[in-house]
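The structure under discussion appears below in the form of structure tokens.
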Amino acid sequence: MIEFEAPVIDWAVLMPVLVVLAAGVVGVLIEAFVPDRGRRPTQIVLTLAALVASLVSVVLLWGRVATEGYAFVVNGTFLLTPFTLGIQAVVAVLAILGVLVIADRTRTGEDAFAPTAAAVPGTTYEDAAREAGLQQTEVYPLVLFATGGMLLFPATDNLIVLFIALEVLSLPLYVLCATARRRRLLSQEAAFKYFLLGSFASAIMLFGIALVYGFAGTVSLEGALYVLTHPQSQVLELMPALVIAGVLLITVGLLFKIGAAPFHTWVPDVYQGAPTPITGFMAACVKAAAIGALVRVVFTLAAGLDEPLRRDLEVGLWAVAILTMLVGTVAAVVQTDIKRMLAYSSIAHGGFLAVAFVGFSETGAQAVLFYVLAYGLATLGAFAIVTLVREQDADGVVLGEATHLSQWAGLARRSPWLAAAFALFLLSMAGIPLTAGFIAKFGVFSAAVVAGAWPLAVLGVLASAVAVFFYVRLIVLMLLTRPAEDAQETEHPAGDGVAADGTGGPEAKEEAPAGEGATRTLAAARSTLSRASVVVVASRGPATVAIVLCAVGVVLLGVVPQVALDWAAQAATFRPLQP
Amino acid sequence: MTMSTFPWLTALVVWPLVAALATVLTGAGRGRPASGPAAGGGAFSAGAARTVALVGALVEVALLVGAFAAFDTSTAGTHQLTETYPWIPALGASYAVGVDGVSLLLVALSVGLVPLVILAAWHEQGGDHVRLRRYLATVLVLLSFMVVVFTARDVFLFYVVFEAMLIPAYFLIGGFGQGAQRRYAAVKFLLFSLAGGLVMLVAVVALYLQVPVDPATGLRPQDAFLTESVTGLPLDPTAERLMFCAFFLAFAIKAPMFPVHTWLPDVTQNATPGTSTLLICVLDKVGTFGMLTLCLPLFPEASRWAAPAIIVLAVISILYGAILAIGQTDVLRLIGYTSVSHFGFIILGIFTFTSLGISGASFMMLNHGISTGALFLVAGFAIARHPRRSQQIADYGGMRKVAPVLGGTFLVAGLSALALPGLATFVSEIMVFLGAFARWPAPVLVAVPAVVLAAVYVLLTYQRMFTGAVGADVAGAKDLDGREKTVAGVLVAALVVLGLMPGPALDYVREPAGVSVEHVGETDPEPVLGALEGSEQ
């Protein structure tokens, strides 16, 4: 008789992920049982509490993992290394800030989400839902599930779990992308694109996992590594192509999530269409988690590959880094929509991050950790500010976000502090000294130079110079240009990047003020649009807190980065495990 | 706390920031309407804000006097008034400041010019007091950065400020300029500077990696970026040359030197004269200062290797800048091109590797700042008298008759620019020529005609603007008022004093020059004049 032996599970190690996923489940129950009025506050408190608890458990686990080197649960289905904990900490911090922005309803009393996201835009059903004052609170459990996936993503040795984590983080995001209150068609289009392309990427990754399994007979990354480094079986000599193709496909799946070229095409459309708080959350957290997973997979494999294969992998990463930096910066220069510009800038940052991979060194891992934190703070802050700059019609009714760049002209006159904070975030993204971005770039390029890849570093700095151009152009627009003066100056011929203009009737109708309940005619809405002025709506608090925290973080990491650098250095003691 | 232990340099760095904050806050809460150029916080606060800025700048001058008093000229070649604190130990960066003779003079130039620029800008920005307040605050922030960059004894600190400085400078050009193309000029300036600066960043990283690892900890020392730590490292020749090129490119763009000077005339044409003064007379000195204090000691072998090419480029700058200056129709653009020529002289002097040439170049950094500053500011006074604020030389004429003091000060500043004996620039130019002749006779002979060209561009401009028939637009122009006379008078007096009595100032540059020659591993050649004198005897 075979005796079933229950696996010994070290629950403490699972805490950072479990607490978030469990809170997500509770959140779903809250939707079912808590009365309408109390639902939103309950959800917000629960979400924030869960994320803070997750962060606290990461901190508590830190001491233990730092001394033991790693923590291993159920044969590697869950694997905590100091680096993983570092990524989890970054994701948790950014997610807390992201949720603050998501929770803000601004003084208009509306959050960024449609009352009934499933309704076909422009139908009476939608109007009815709006008039009934329905509100969307499912976003909070969805955000929690996505965050849980992100926390798990870099924390596993098992490729199947890696895939599951990818799906757990992706599926809620597909839904969240479709829930924008305004520009509904654009939002749904974005979600559909993201879903289709994301499914392809998942399938490709799964196929890669299958190939690696076919080669090594195991879905454990460390196991595959073991087979690689101990070539006793003849299979290995017969089919080295299997593992190469497998690794390549897995890497493609991860690069897709990061938005690295040539797998970046979904980024601008999705970032533009998704509700802006979700865009910020995605841009900051998903990138951190996916980069963490990529470091985990690529660094582990690089340690086991033969020199020629390793060099091939490195050359591939060179190509991806160069292409991504190039595509991101060059395309960002010609954008006229602020969300699309930030999207391309986010692609470019993926390229800078890829630079740190060259050499697969601890310096590189350290640079990656600091970079995702610095970039995440600036990006979250920037998108949070985008949510507050709105259009306003002649009657003073606040409409959707003013995303055309020309509408940002002279923002400093309306709201100097907001403009200053945005300028700070842009300068940090540009890597200007005394901001977090500079120290981050310094680390990344150091890693490249250490690895002898100074041409890549030079290309990187030149791409940074191009990036500075469009960041600073926006700063000038906000701080130094008068609104009227600029109207002719930045108005480009329509077409590039302003997909919103092309979506026609329902789109324009969507711009009608939701709270009024009045369905305007198309013509009236159009004329309103053309006369819309720009207004900065006051936050009800949470978004302001998030912006202030991001700004403080950007400055502190730029001026006194020592603490964060020490922490990143400890976390980056990355070493492959030999089972 | 005694004179020499007081943190003079940190005080010089921090005080302008305090003054900038005070300037911005003065009258800030005074119900400022959101639009309209004349909307300021009322006449009272506008006057108050600029007065606050001026007083702040004068207090800074007082602090400078204290620093001078604490400085010992007998050891001008070593860093004094030093302060060192760890800043980012993980990256080997420290907050380390200190001055030798040359850097003290350049700090003095920065600190001395700022009150004059503030005075000159008294009625600028089209009467928009809010803009003026912001302009003056930006100038003060820039001053703080300039003090750090000239006193930094840590390569990382130097680099950080070298780059961070671009942001206030960018706003000064693009935000507060008066030309129609100011944004274009500002973007060009920023992209040129950043392209150079970012390439330098790679070299800064590479330099850090050359610092040997401490075998006990496996890490690089926490003060790895101190200039002492990175000087005299055993470098691989190829790496050293590459790093030298990266540093030199950044400094040559900043300086600016042919062929990377093209941003400069656009900037001077579109910025206000006060901004140009700060940018060309002080900020660009960071380029030549960097060549002298970083390129030479850090990469001595590469400096010697590159010197012939640099000398050729410097000579081209000298001639090309002068020739292009002659052809200009815009007076501010013209002054910009003369600076290209003068920076050529400074670079020529540095790469002579003789104490005479380097002393001359160091002294010239100071003189050029004063004489070009005088030209910019006085030309700005002339432009302010034109009803359309035209910068075209052809729109003026005969102003000497209606505004004699204006004409006179412009002439003195111009004569200093053409190195007339008795004025400051003459001394330094002759030192550069003599120093260079001892080592590179042929290029010097090629460069000598530039002296004649300088006479052409200065005197021709003076002739067109200030002599002859009085131009219709400027017939009713008034002469300089008390404020403008103060600005012009201080600068002219400095030119005359330094020209007649260069000795005290040279005490500050002589010893550092010797140290630089030593760093680069050369010895002074036989003095040419001394040899001549000997043969006569």
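A compact table of results
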| read-out | value |
| --- | --- |
| Angle between chain A longest axis and helix A:287-304 axis [Cα atoms, degrees, rounded to 10] | 20 degrees |
| Cα centroid separation, region B:463-516 to region A:145-186 (Å) | 68 Å |
| Size of charge dipole - region A:368-456 - debye, nearest 20, with Cβ of Lys, Arg +1 and Asp, Glu -1, no other charges | 320 debye |
| Net dipole in debye of the protein assembly as shown [+1 Lys, Arg Cβ; -1 Asp, Glu Cβ; about Cα centre; nearest 20] | 2840 debye |
| Centre separation in Å (Cα based) which lies between region B:425-462 and region B:167-206 | 30 Å |
| Scaled radius of gyration (Cα, divided by 2.2 N^0.38 Å) that region B:378-520 gives | 1.29 |
| Crossing angle, helix A:307-333 versus chain A [Cα axis fit, 0-90 degrees, rounded to tens] | 10 degrees |
| A:V552 versus B:A69: modelled label distance in nm, points set 7 Å from Cα along the beta carbon direction | 4.2 nm |
| In sequence order, calculated HN-Hα J values of region B:353-363 (Karplus, 6.51, -1.76, 1.60; Hz; x Gly/Pro) | 6, 10, 5, 5, x, 6, 4, x, 5, 5, 5 |
| Expected 222 nm ellipticity per residue - DSSP helices of 4 or more, -39500 (n - 2.57), all of the protein assembly as shown, to 500 | -22500 deg cm²/dmol |
| Relative packing of A:328-339, B:413-424, B:101-112, which averages over residues the other C-beta atoms within 10 Å, highest first | B:101-112, B:413-424, A:328-339 |
| Radius 13 Å from Cβ of A:T137, net charge of other residues (Lys, Arg +1; Asp, Glu -1) | 0 |
| Relative contact order (percent, whole number), region B:305-529, Cα cutoff 8 Å, 6+ residue spacing | 30 percent |
| Relative contact order (percent, whole number), chain B, Cα cutoff 8 Å, 6+ residue spacing | 15 percent |
| Cα-based helix-to-principal-axis angle, A:522-531 vs chain A, degrees rounded to 10 | 90 degrees |
| Residue-averaged beta-carbon neighbours from other chains (10 angstrom radius) around A:456-462 | 5 |
| Chain A, relative contact order in percent, only Cα pairs under 8 angstrom and at least six apart counted | 17 percent |
| Region A:143-266 - Rg and Dmax from Cα coordinates, angstrom | 16.9, 60 |
| Which of B:S317, A:F263, B:F171, positive extreme of dipole for the protein assembly as shown (C-beta unit charges) | B:F171 |
| Shielding by other protein chains, B:81-92, mean Cβ within 10 Å | 3 |
| Label-to-label distance, nm, for residues given as B:T467 and A:D395 (7 Å Cα→Cβ offset) | 7.5 nm |
| 10 Å Cβ neighbours from other chains, averaged over peptide B:194-200 | 6 |
| For the protein assembly as shown, alpha-carbon Rg over 2.2 N^0.38 Å | 1.01 |
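The numbers here are math on the coordinates, done by the rules we state, and not lab data. Source: prediction; values computed, not measured. We place every Cβ from the backbone using ideal geometry, glycine too, and count neighbours over all the protein chains shown.
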